1. Of everything in region 40-80, what is closer than 30 Å to F17 by Cα, without any contact (Cβ under 8 Å) to a residue 12 or more places away in the chain and β-branched (V, I, T)? Give them in sequence order.
2. Taking the condition of being closer than 16 Å to L66 by Cβ and modelled with pLDDT of 80 or more, how many residues in region 32-44 meet it?
3. May I ask you to list the residues in region 56-80 that are of a type outside the set (D, E) and either part of a strand (DSSP E or B) or surrounded by 12 or more Cβ atoms within 10 Å (Cβ to Cβ) (or both)?
4. Quick one: in region 11-26, of everything that is open to solvent by 60 Å² or more (accessible area, probe 1.4 Å) and within 21 Å of H75 (Cβ to Cβ), which residue is modelled with the lowest pLDDT?
5. Please count how many residues of region 31-55 are open to solvent by 60 Å² or more (accessible area, probe 1.4 Å), among the small types (G, A, S) and either assigned to a strand (DSSP E or B) or in contact with a Gly (Cβ under 8 Å, 6 or more places away or on another chain) (or both).
Amino acid sequence: MMSESFKTLQGVGQGGFISVNLYKAFVKGLLQELRTNLGGFSIGKIYISVPTVAHDMLLLSHTSELQKMLNTACHYSHHE
């Protein structure tokens, strides 16, 4: 049994071919800001403080910078 189809009026459909690339384009500025301004963890030259997979993001910090990272992400999410 399948539900009826519906038009996507905003954003992109879940699982759509382009949705992951659009998400990455949207969060690229946030990831750069977090890395540049808040530091975090690195293994060698690989920055690992904000791993992202599909539409999920994890913020990692061993200092009080975690709250700053959360504030930055929250502020960024309110931009259009």
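1. Once the filter is applied, which keeps residues that are closer than 30 Å to F17 by Cα, without any contact (Cβ under 8 Å) to a residue 12 or more places away in the chain and β-branched (V, I, T), region 40-80 yields I46, V53.
2. Looking only at that region, the number is 3.
3. M57, L59, L60, S61, L66, K68, M69, L70, T72, A73, Y76
4. Checking each candidate, the answer is G11.
5. So the answer is 1.
The values are calculated or read from the model by the stated rules, or taken from the named source; none is laboratory data. Everything numeric in this text was worked out from a predicted model, so none of it was measured. Neighbour counts run over all protein chains shown; Cβ positions are idealised from the backbone, glycine included. Note: accessible area is taken over every heavy atom of the protein model, side chains too, but ligands, DNA and RNA are not part of it. Shrake-Rupley method; radii C 1.70, N 1.55, O 1.52, S 1.80 Å.
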